[in-house]
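The values are calculated or read from the model by the stated rules, or taken from the named source; none is laboratory data. What you are looking at is a predicted structure, and each value in this text was computed from that prediction instead of being measured. Reconstructed Cβ throughout: ideal geometry from the backbone, glycine too, with neighbour counts over all protein chains shown.
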Protein chains: 2
Amino acid sequence: MKQILLFLLTVISLNSFTQDDSTFIRKVYDEALERGESYENLRGLCKDIGARITGSAEAEMAVKWGEKLLNSYGFDKVYLQEIKVPHWERGTKEAAWIINEKGETIKLDILALGGSVGTNGLTQGEVIEVKNLEALKLLSENDVKGKIVFISQAFDQKNIQTFKSYGACYPIRGKGTNEAGKLNAKAVVIRSLATPEDDFPHTGTMHYDEDVNKIPGAAISTRNATLLSSWLKQGKVVLKMEMDCKKFEDVTSYNVIAEINGKDDKIITWGGHLDSWDVGEGAHDDGAGIVHSIEALRILKQLGYQPNHKLRCVLFMNEENGNMGGKSYAKIASENKEEHICAIESDRGGFLPTGFDVNGTEEQLKMVQNFKPLLADFELFRFNKGFGGVDIGPLKEYYPNMIQLGMAINSQIYFNYHHSNNDIFENVNKRELELGAAAMATMIYLMDQKLK
Amino acid sequence: MKQILLFLLTVISLNSFTQDDSTFIRKVYDEALERGESYENLRGLCKDIGARITGSAEAEMAVKWGEKLLNSYGFDKVYLQEIKVPHWERGTKEAAWIINEKGETIKLDILALGGSVGTNGLTQGEVIEVKNLEALKLLSENDVKGKIVFISQAFDQKNIQTFKSYGACYPIRGKGTNEAGKLNAKAVVIRSLATPEDDFPHTGTMHYDEDVNKIPGAAISTRNATLLSSWLKQGKVVLKMEMDCKKFEDVTSYNVIAEINGKDDKIITWGGHLDSWDVGEGAHDDGAGIVHSIEALRILKQLGYQPNHKLRCVLFMNEENGNMGGKSYAKIASENKEEHICAIESDRGGFLPTGFDVNGTEEQLKMVQNFKPLLADFELFRFNKGFGGVDIGPLKEYYPNMIQLGMAINSQIYFNYHHSNNDIFENVNKRELELGAAAMATMIYLMDQKLK
């Protein structure tokens, strides 16, 4: 019945867009596909800067890169927003081996989890496998003490959306090391949060409670994880590892912001995150979101669009390990008594865009779903209730009535690359990236037109 | 108003699928994604057979590969359907150079067009560029005689669907050489029918009229084509080329067919094409369609599905240069007085499936569009009037009332690989391939359930 109502509402609201909208959007796509700059901008960010974890020299260079590029487009205003961010470094040593009872030894593909302490020299222990975080919590200190805990939860391949599989495994990376530390394990290795079975380990953020015994945590490749599980079925396995990663004092960094003024001061904001993990080139995560966001503003300016509201593109810093960019941006916006009516985020890679997820009221969702017939020509089909994004999330605390949109993107291949050395420019397709930029510009335009 | 009516019809017909349908389709996807065999089957076809142009030893091996694989699944019937097919071979020599007035020389990335005559030793001529087939037709024999015609039409990047760009350029490949032959040109080179600017030449079929002067035709890479255009703006350019490709007598080959019996003898057929061009591995074109088609039948059998109609999977031979598989299949079906009610084809690569294009009546289109709410859970959104496929096309002549469906697939990257040495197994993603197989099995199931 709900579906029927939805359809009827769609029918009734078909007049919510015009021929002018369609013509303008066609121009947006022409600009993105024929004279687009997103792909070459991404090449610059990946090849001239590279991996750019918060607090690193590369992150500082990325801020300068973003500021310079935005200035080159002649927007009404370009500025830096100062924030405090964490600073963790991988160090130079990172190695691990497994040895079975026959003395067979395999070197593992390993990456320390972001935020982990180091091992303080070579450490070793017998491996105990648990299937997931719940299984780990059922163990006692006797089971675990002095051992290396291996959490082997794999992606559920049955999920159509790979983000669902990622979400289900997220606790083993975020909390696994902390839980094993409570039981005085020596260290934790997890199966990488990744779709395929291959040789790339995938890092990502993890968290320690204040008063817990802080032990090292690392991810091994999915292929290594499958091998380790099979060895453990046959007998005891010892794991040796060394990592010298560590946390430093917080440092100063910046969100990078560009604006085009509107007829009023209400704000439509959008962005991606400028930081990445310290491996690969942060091409899909989130170089793509950064160049989508910049390109969207460039296209609207290039087409001579005169917005109703203030359009603000934000290159957020520190999404990966602290979200200080997003949190600080929201707080400052509120302190400055800005009126934010809409926020849009691109942080799901540079693959084919399929639509937008809407974090808002039923009415806001319907408004977006009314665009379906208009956007079907551009192969945008998916308009569901969902998550906007990590960077723009904190704005909801201060502006509970705003609409937030997360660009929905073909998720099938994202977790082949995410947080790994495989996330490089060569794995981004030019046209798919350009279609993402056009979809962002389109949704910004529609929000600017439809929101009062 | 038409759209409103369509929506209302959708509302009215919401009861055209049931909870059982949804449950069954979920099982189809689980089987494809968790225990799927399509990816390993594609590996076999690409790596154990490889490129398999009609008439080649590899095509013969592909027939045996298909027959053996289908037999291994224990379907009700597996058989070969004998057909006559053309036989053209590239030969061993294929090279070309361009030389400008300063004597600068560049070796070109070149592939003879499929069906072309050879050059009979080294040939050379001054290059004359035309933008497209219409421009060529406006020239006289005086303009062209003894020269090498370069047709430089590029993909229109503004099209959202890359198939539209391909269709627009298709005449330069299919007819350009024939038209230049009429004007006694020495040879033709065309800009490859491809999306990106890179170094891969893309072959494909071409046609000579019976009584025309048959001259050689070849494709050069898009990067070479852009370079050649820029050289021609500066002065005269000479092109030297040698190719020893030629046509042989027709040979015998086979369509490979597998069936599961239904409650009646009406036939739902589907397939892809087993032949490929003689470069790369025919992974996307159309190894993907072949393993989609086989996997769809395997899944339905594995789930114990008891069909209403006869389900028939066909691995068509010779789609690329003659379509004798499709034409012969349709003729034989008619001669045998078979009743074909539906045909489905997968021949757009192993990328993310997005829906189905429907070649049928308005009523048939509506029937398929009514599945939208059911299939949205599986990220299938696109159900438009469109083309079914080359292999199944000839059936329409004998069965004008049948519904034909072409699986719609993300087209953005297809023409990076199509008909080139870049169309290899490594460029197919496992999950996207599996989702295609599941979508095929799903549509076969729905047609079997809904068609009387």
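Worth a mention:
- The residues in the range A:284-328 that are among the aromatic types (Phe, Trp, Tyr) and assigned to a helix (DSSP H, G or I) can be counted, and the count is 0.
- Within the range A:375-411, the residues that satisfy the criterion of being within 19 Å of residue A:339 (Cα to Cα) and part of a helix (DSSP H, G or I) are A:395, A:396, A:397, A:398.
- Unmet requirement for residue A:376, which otherwise passes all of (1) surrounded by fewer than 20 Cβ atoms within 10 Å (Cβ to Cβ); (2) within 14 Å of chain B (Cβ to nearest Cβ); (3) out of contact with any Asp or Glu (no Cβ under 9 Å at 6 or more places or on another chain); (4) closer than 28 Å to residue A:261 by Cα: (4)
- No other residue among B:156, B:143 is of a type in the set (D, E, K, R), under 29 Å from residue B:244 (Cβ atoms) and either part of a helix (DSSP H, G or I) or within 14 Å of chain A (Cβ to nearest Cβ) (or both) apart from B:143.
- Hey, residue B:347 in contact with a helix residue (DSSP H, G or I) (Cβ under 8 Å, 6 or more places away or on another chain), at pLDDT 95 or above and under 21 Å from residue B:67 (Cβ atoms) or not: yes
- Residue count, the range A:226-261 (criterion: assigned to a strand (DSSP E or B) and of a type outside the set (S, T, N, Q)): 19
- Given (1) touching a Cys at 6+ places or on another chain (Cβ under 7 Å); (2) under 16 Å from residue B:125 (Cα atoms); (3) not charged (D, E, K, R), number of the condition residue B:190 does not satisfy: (1)
- So residue A:371, is it touching a residue at least 24 places away in the same chain (Cβ under 8 Å) and surrounded by fewer than 21 Cβ atoms within 10 Å (Cβ to Cβ): no
- Matching option when the condition is of a type in the set (D, E, K, R), assigned by TED's automatic domain parsing to the domain that holds residue A:16 and touching an Asp or Glu at 6+ places or on another chain (Cβ under 8 Å), among A:345, A:335, A:363: A:345
- Pair list, Cβ under 7 Å, 6 or more apart: the range B:161-173 residue away from chain A (no Cβ under 14 Å), other residue of a type in the set (Val, Ile, Thr): B:172/B:151; B:172/B:190; B:173/B:190
- Out of B:160, B:148, B:83, B:98, sole residue that is surrounded by 16 or more Cβ atoms within 10 Å (Cβ to Cβ), under 29 Å from residue B:250 (Cα atoms), modelled with pLDDT of 95 or more and among the hydrophobic types (A, V, I, L, M, F, W, C): B:83
- The residue that is surrounded by the most Cβ atoms within 10 Å (Cβ to Cβ), counting only those in the range B:264-309 that are closer than 23 Å to residue B:340 by Cα and of a type in the set (Asp, Glu), is B:295.
- Any hit, the range B:262-276, residues being of a type in the set (A, V, I, L, M, F, W, C), in a helix (DSSP H, G or I) and touching a strand residue (DSSP E or B) at 6+ places or on another chain (Cβ under 8 Å): no
- Residue match in the range B:246-257 (condition: surrounded by fewer than 24 Cβ atoms within 10 Å (Cβ to Cβ) and touching a Cys at 6+ places or on another chain (Cβ under 8 Å)): yes
- Checked against the criterion of being under 22 Å from residue A:220 (Cα atoms), touching a residue at least 60 places away in the same chain (Cβ under 8 Å), within 14 Å of another protein chain (Cβ to nearest Cβ) and surrounded by fewer than 21 Cβ atoms within 10 Å (Cβ to Cβ), the candidates A:427, A:416 yield just one match: A:427.
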